[in-house]
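One structure is given below, encoded as structure tokens.
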Amino acid sequence: MPNTPDERLHPQLHINSYGTYLRRRFGFRVSKVNVDAGFTCPNRDGSKGTGGCIYCNNVSFSPKETQAVVPLEEQMTAGMAYHRVRLGSEKFIIYFQKYTNTYGSVELLADLYRRALDHPDVIGISVGTRPDSLSDEALDLLADIARTKYVCLELGLQSMDDVILNRINRGHTLEDFMLAVNRASGRNFDICAHLIYGFPGESSADFLKTADLMAGLPIDSLKLHQLHAVEGTELAEMYRRGEFVPLTLEQYITTVADFLELLPPRITIQRLYGSAPLEICVAPQWGLKNNQMWYAIVTELTRRGSWQGCRRPEFR
Ligand code: SF4
């Protein structure tokens, strides 16, 4: 195995981490601050589907402070103060996270995004959305903002298997995602893909094919987490009926390390773990913090003597 990692990889992590990328790009520490701008989701309100994805309970991936009833500016102030104290961050990217953050008129989107960018310490925005909720006007707006500010468009795919997408009531197909990526690319903003590993009926080998798919797309970063069931979701009921058997921690770490070895070093890694508040986390209950999961995966790469991309054809 080659022992000269790509220069974009963090020398200790063996991964092209998003944090390192931001520091390289801007020259200082940048933190993402989550906000809830009061959007809903077309897969919940009936326009694409009802009930939402079987694992979706937005409480599980939204910090308590980010409630839509709290004005955007107040959420930003609280989030930035937290990151200033905890991490010493100087500048911030406002992350429109909850539900579908392009699901509204372009006037509404422009107002929200520009309000976030009005703060002098905000250098950009990150916008999470579904691939089937992306109008040409929204893409033009993001491209316009990207002329002067950092912009990242975060597109949920979750699985590249249409059978799984259908089974989890995702309400879109792989083709929808591919079309969205193609429409968004070349507009001078970053594109991030969201993936989940551990769906019922999915093998490790199935999931690893996703690395090749990602390698062939014009995406810049990735977020990955384990499928986990939280209270108030169909997936939690499936777990109780024995229809969802969560991955073991060892299975997850092994497959994520395999996945990273197959992923080109140019793609930055934003996330490798999903956590939910203890009181609503049903399964799996690994009891790890985010940094502990990073450490476990990095330890596995180190044990193997491997690194992100080392199994790409260009490095063999
Ligand atoms: S697309 Fe996102 S917000 Fe909408 S139901 Fe699925 S997970 Fe929930």
- Restricting region 125-143 to residues that are closer than 10 Å to F189 by Cβ and part of a helix (DSSP H, G or I), which is most open to solvent (accessible area, probe 1.4 Å)? A143
- Every listed condition ((1) open to solvent by less than 20 Å² (accessible area, probe 1.4 Å); (2) of a type outside the set (D, E, K, R); (3) more than 16 Å from Q158 (Cα to Cα)) holds for S221 save (3)
- For region 144-179, what are the residues that are open to solvent by less than 40 Å² (accessible area, probe 1.4 Å), away from the ligand (no atom under 16 Å from the Cβ) and part of a loop (DSSP other than H, G, I, E, B)? A146
- Counting only residues that are acidic (D, E) and free of Cβ contacts under 8 Å to residues at least 60 places away in the same chain, region 152-173 contains a total of 2
- Since C192 meets every condition but one in (1) in contact (Cβ under 8 Å) with a residue 60 or more places away in the chain; (2) in contact with a Gly (Cβ under 8 Å, 6 or more places away or on another chain); (3) hydrophobic (A, V, I, L, M, F, W, C), which condition does it not meet? (2)
- Message: I want to confirm something. Restricting to region 192-211 and keeping residues that are among the charged types (D, E, K, R) and closer than 18 Å to I168 by Cα, which single residue is surrounded by the most Cβ atoms within 10 Å (Cβ to Cβ)?
- Response: E202
- Message: So in region 85-117, with the set limited to residues that are in contact with a strand residue (DSSP E or B) (Cβ under 8 Å, 6 or more places away or on another chain) and small (G, A, S), which one is nearest to the ligand (Cβ to nearest atom)?
- Response: A116
- Task: Name every residue in region 195-216 that is in a helix (DSSP H, G or I), touching a strand residue (DSSP E or B) at 6+ places or on another chain (Cβ under 7 Å) and not β-branched (V, I, T), in order of residue number.
- Result: F207, M214
- Note on the structure: Listed by first then second residue, the pairs whose first member lies in region 126-145 and is closer than 18 Å to C53 by Cα, whose partner is within 15 Å of the ligand (Cβ to nearest atom) and open to solvent by 30 Å² or more (accessible area, probe 1.4 Å), with beta carbons under 6 Å and at least 6 positions apart or on separate chains, are P131/D176; D132/D176; S133/Y103
- Output the number of residues of region 1-50 satisfying the condition of being small (G, A, S), in a loop (DSSP other than H, G, I, E, B) and in contact with a strand residue (DSSP E or B) (Cβ under 7 Å, 6 or more places away or on another chain). 1
- Message: Against the condition crowded, with 21+ Cβ neighbours inside 10 Å and either modelled with pLDDT under 95 or within 16 Å of the ligand (Cβ to nearest atom) (or both), how does F61 come out, does it pass?
- Response: no
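The values are calculated or read from the model by the stated rules, or taken from the named source; none is laboratory data. Since the model is a prediction, treat every value here as computed from it, not as a measurement. Cβ coordinates were reconstructed from backbone atoms using ideal geometry, including for glycine residues, and neighbour counts include every protein chain displayed. The area values use the complete protein model at the heavy-atom level, side chains included, leaving out ligands, DNA and RNA. Shrake-Rupley method; radii C 1.70, N 1.55, O 1.52, S 1.80 Å.
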